[in-house]
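Chemist: Sending over a structure as structure tokens; questions will come in a sec.
The values are calculated or read from the model by the stated rules, or taken from the named source; none is laboratory data. Because the structure is a prediction, the values reported are computed rather than measured. Heads up, the Cβs are rebuilt from the backbone with ideal geometry, glycines too, and the neighbour counts pull from every protein chain shown.
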Amino acid sequence: MAAPALFTLLVLGTVLFATVGGFSWSDAVYLTVLDAAGAAEPDTGLTTIDKIIQTMVPLVGISIIPVVTAAVVDAVVGARLADALGRPRAMSDHVVVAGLGNVGARILSRWSVSRSTSRLAGSRRPDGSGSRL
């Protein structure tokens, strides 16, 4: 989810270099790629807006690396876990509350009023104090 946003910011950096910064589109792409790769050489002769853009683009480029790495690792680990566990069934639209003391009962009763989802509650106490719902 974060990777598309970061790539969008890189495209935005290119557009800003070309439109606001006054660079040609090829120079704008060149500057964006150079900055995102961390190979930017600061130019004190740039206007303030160009300096802001040239500062933003490397930060976005640096941010992309861990986001892409996390997405790949998550996909690989998730696939391996699913294979090892026999592909567990996906679950949604439910709430599990462990412990029906005063806090658990309040959470469950307020959730019940505001949402129409399935609920499951469990308590170790045989009397289930606080569990009248």
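Chemist: Looking only at the range 14-23, count how many residues are out of contact with any Phe, Trp or Tyr (no Cβ under 9 Å at 6 or more places or on another chain) and at pLDDT below 90.
Modeler: Residues in the range 14-23 being out of contact with any Phe, Trp or Tyr (no Cβ under 9 Å at 6 or more places or on another chain) and at pLDDT below 90: 2 in total.
Chemist: For the range 67-88, which positions are of a type outside the set (Gly, Ala, Ser), in contact with a helix residue (DSSP H, G or I) (Cβ under 9 Å, 6 or more places away or on another chain) and surrounded by fewer than 13 Cβ atoms within 10 Å (Cβ to Cβ)? Working first, answer last.
Modeler: Restricting attention to the range 67-88, the residues satisfying the condition of being of a type outside the set (Gly, Ala, Ser) are 67-69, 72-74, 76-77, 80-81, 83, 85, 87-88.
Going one step further and asking which of them are in contact with a helix residue (DSSP H, G or I) (Cβ under 9 Å, 6 or more places away or on another chain), we end up with 67-68, 88.
Selection gives PRO88 alone.
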